Amino acid sequence: MSAVKKYYPSNGTEGVAFMDRFCDRCVYDKHYQDTKEAGTGCYILRNSMVYDQKDTHYPTQWRVIEGSPTCTEFLLDTLAFWATRAAKLAHKTLEEQGQRSIFDLENKEDEEKSKEEKTKLKQ
């Protein structure tokens, strides 16, 4: 049996891609993702940021298996996954029918706030 090969992102872009694929969709980091409350997120993710790959505290759950990086503790937050997927599908369906969705309204509000802020800065 071969030794466990720990996964350590080689750069920030690779690390963000890994977190997008696993951490941001995992139930173990859900509370932090929802609240951004310090100290509430996944300890595996936290330890990966604090410790060097050679340190004994670096998470062994981040591994390379069959050439691909993975987190062995990843557990998809299925409720959030399906809710997001359903919302995107509804938005696409409304767009195809020429109707507006809540996403359009949110984007319009963001644009208006941005314009107001730029106007204030110019004054």
Filtered residue count, the range 54-78, keeping only those that are modelled with pLDDT under 90 and out of contact with any helix residue (DSSP H, G or I) (no Cβ under 9 Å at 6 or more places or on another chain): 0
Mind listing whichever residues of the range 2-53 are farther than 21 Å from Asp77 by Cβ, touching a Lys or Arg at 6+ places or on another chain (Cβ under 9 Å) and not in a loop (DSSP other than H, G, I, E, B)? Lys6
Need pairs with beta-carbon distance below 7 Å; first residue surrounded by 10 or more Cβ atoms within 10 Å (Cβ to Cβ) and within the range 86-103, second of a type in the set (Gly, Ala, Ser) and at pLDDT below 70; sequence gap 6+ or separate chains. Ala90/Ser101; His91/Ser101; Leu94/Ser101
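The values are calculated or read from the model by the stated rules, or taken from the named source; none is laboratory data. The model shown is predicted, which means the values in this text are computed figures rather than measured ones. Cβ sites come from the backbone with ideal geometry, for glycine too, and all protein chains shown count toward neighbours.
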